[in-house]
Each structure stands twice: as structure tokens, then as C-alpha cells.
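Asker: One structure is given below, represented as C-alpha cells, and several questions about it will come after.
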Amino acid sequence: MQFEEIGNISGKTLMLLPGTCCDWQTNFGTVIPTLSEKYHLICVNYDGFDGSDAIFPDMITVTEKIEDYIIKNHGGRVDGAIGSSLGSSFVGQLIMRKKIHIDHGIFGSPDLDQSGKVSAKLQSLLVVPLLTSFTKGEKKRNKTKEKLKSLFLMDEEAAEKFMNCFSKFSPESIKNEYYTDLLTHLEDDINVEHTRAHFIYANKMGEKYLARYRKYFHNPDIREFNMQHEQWLFGGKEFAEPVLKAIDEFMVMPV
């Protein structure tokens, strides 16, 4: 595991938790300069995605390591935590387990998909080989790059960085991360005193995700944005600036 603390050390603490098959440098790289002006950032890379030889074990083991770090280095409390996609599963677990306290849990357009073991196994067998094949061969790499640029409006540099994640990390870590995320369930109607759950809802994902947000969290604060999944992180200022403004609003709300 890698924890790196950067930014405005006198500002409110905001933990950044990357999504599937990503490190924080790639996942949050476009918004780090803006966030670091105001917040004391705690940037996390999970086992298997931290440049070491470690393999990602499972979601709960990694959650426990995050809890231990917050307890040891921040007295068991942070002002906020934002999860990108799968990273939101960690935010949900950290809130639900109550081993540490988060004032503002910020969920970056997650799917919060959950399943049983058989379904998770089947999905992993289908999806993981697809994810790890995106960059195999120049033709496939170029095709993937053009799709990313078209769908998310990524520029050339962002598309290259994103694709590199699928080739530089161990397929076993990717498999374990994807599989155990499906098996790590959230309770319904999570309601923790002095914690607010905020959702960045990318409406181009579809309305079924709204039902999940409301199912798992009590009275969530949902902000709707006209964009694709996590487009604010890769699609440029047009998408990033409104979301960054919302994050600032979240972080000053009473809890």
C-alpha cells in the first residue's frame, strides 16, 4: 500500500481513492493541482497498484489497511474521502464499518454493483480478460485510444495514461480487485451520525444507479451532471469545474 500526503497541509483532509485498475496519479492527475490548493490530500494506491510486487488481496483486507493508516496518522478521522468508481466501494465500507470517521463521503459516479459468488466469478471470467486485452497489439491499442477519446472526450495524453494502467498492473491484481468488489456488499440505508454521503451522479450512466444510491445510503446528497462515468476526471475543464465546485460545497456542509 502507498499513502502520499500532499497539498495544503493546513487545509481539510481529503482522501483520494482510485478506481478499478488505476493508481491515484492516473485517476486524479488532472484535478490534483486544483484540489491540492485547498485540501490536505491523502492519496492512496492499493496493494498491486502501488509499484510494488504485492498482489491486490481483497477489498476488506485493503479497507482494513486504510483504516489502520487513518487511525495511526490522523487520529481515526478525516474530513472527507472521495472514491472514483470502485474507490467509492471503499468509501462506503469505511463509513459503514465505523472503525474510523469520515465527515463527508463523496462517491464519484459509482455503479455499486454487488453479486453472489457464482455471478461474480462469471463476470470476472468475462470482464477481466477484456480489460487486460485493451492494449495488446498496436492495432487494438489505437482502437481503444480512439474509443476513449470519442466517448469521454479525452485528449491524447489522458487516453495514453489511462490505457497504460491496463498494461502495467498484474492481471491477478486486476482480477482480485474486480471479483472481490462484487462480493463486498453494503448494507441498506446506511446512516452514520455526523457523516454525510454525497454522490456525483453522471446521468449518462442511466437512472438505475440513482436507485442504488438511495438504497444503500440514508437521504444521500445527489448532484446530477450531464456527463459519462467519471468524465470530469478525463474530459477537461468543461466537466471538471462544476464537479470541483460541488466538492467544495460538500466539504463545508454541516454534518
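The values are calculated or read from the model by the stated rules, or taken from the named source; none is laboratory data. These numbers were taken from a predicted model, which means no experiment stands behind them. So basically every Cβ, Gly included, is an ideal-geometry build from the backbone, and we count neighbours across all protein chains shown.
Asker: Among (1) in contact with a helix residue (DSSP H, G or I) (Cβ under 9 Å, 6 or more places away or on another chain); (2) in contact (Cβ under 8 Å) with a residue 24 or more places away in the chain; (3) in a helix (DSSP H, G or I); (4) closer than 17 Å to T180 by Cα, which single condition is P129 missing?
Answerer: (2)
Asker: Now for a separate question. I'd like the full set of residues that are closer than 21 Å to T195 by Cβ and within 18 Å of the chain's Cα centre (by Cα), limited to the stretch 234-255.
Answerer: Listed by number, the residues that qualify are V243, A246, I247, D248, F250, M251.
Asker: Spot the failing condition for S173; the list is (1) surrounded by 13 or more Cβ atoms within 10 Å (Cβ to Cβ); (2) without any contact (Cβ under 8 Å) to a residue 60 or more places away in the chain, and only one is missed.
Answerer: (2)
Asker: For the stretch 10-24, give me the residue count where each residue is more than 17 Å from F107 (Cβ to Cβ) and at pLDDT 95 or above.
Answerer: 5
Asker: For residues in the stretch 15-36 being among the polar types (S, T, N, Q) and in contact (Cβ under 8 Å) with a residue 60 or more places away in the chain, which is surrounded by the most Cβ atoms within 10 Å (Cβ to Cβ)?
Answerer: So the residue we want is N27.
Asker: Right, another one. Please give the helices (runs of 4 or more DSSP H) falling wholly within the stretch 134-211 in which 2 or more residues are within 27 Å of V62 (Cα to Cα).
Answerer: 156-168, 171-183
Asker: For the condition under 30 Å from D79 (Cα atoms) and of a type in the set (V, I, T), what is the one hit in T180, T144?
Answerer: Exactly one residue qualifies, and that residue is T180.
Asker: Within the stretch 1-36, can you find the residues that are polar (S, T, N, Q), under 15 Å from the mean Cα position of the chain (by Cα) and assigned to a loop (DSSP other than H, G, I, E, B)?
Answerer: T20, T30
Asker: Now for a different question. In this structure, does R223 turn out to be surrounded by 14 or more Cβ atoms within 10 Å (Cβ to Cβ), basic (K, R) and outside any helix (DSSP H, G or I)?
Answerer: Yes.
Asker: Test V118 against the criterion of being modelled with pLDDT under 80 and β-branched (V, I, T), and give yes or no.
Answerer: no
Asker: Is the stretch 83-92 home to any residue that is more than 17 Å from the chain's Cα centre (by Cα) and either hydroxyl-bearing (S, T, Y) or at pLDDT below 95 (or both)?
Answerer: Within the stretch 83-92 (the criterion being more than 17 Å from the chain's Cα centre (by Cα) and either hydroxyl-bearing (S, T, Y) or at pLDDT below 95 (or both)), the answer is no, since none of the residues qualifies.
Asker: Looking at D53, D58, which one is over 17 Å from the mean Cα position of the chain (by Cα), closer than 28 Å to V128 by Cβ and charged (D, E, K, R)?
Answerer: The unique qualifying residue is D53.
Asker: Among the numbered criteria (1) closer than 21 Å to I66 by Cα; (2) more than 17 Å from the chain's Cα centre (by Cα); (3) not polar (S, T, N, Q), which one does G108 miss?
Answerer: Exception for G108: condition (2).
Asker: Then there's this: Restricting attention to the stretch 93-111, which residues are part of a strand (DSSP E or B) and of a type in the set (D, E, K, R)?
Answerer: D103
Asker: Would you confirm, using the coordinates I've provided, whether K140 is among the charged types (D, E, K, R) and at pLDDT 75 or above?
Answerer: So K140 fails the test.
Asker: Would you point out the residue of the stretch 37-92, among those that are of a type in the set (K, R) and assigned to a helix (DSSP H, G or I), that is surrounded by the fewest Cβ atoms within 10 Å (Cβ to Cβ)?
Answerer: Ranking the qualifying residues of the stretch 37-92, first place goes to K72.
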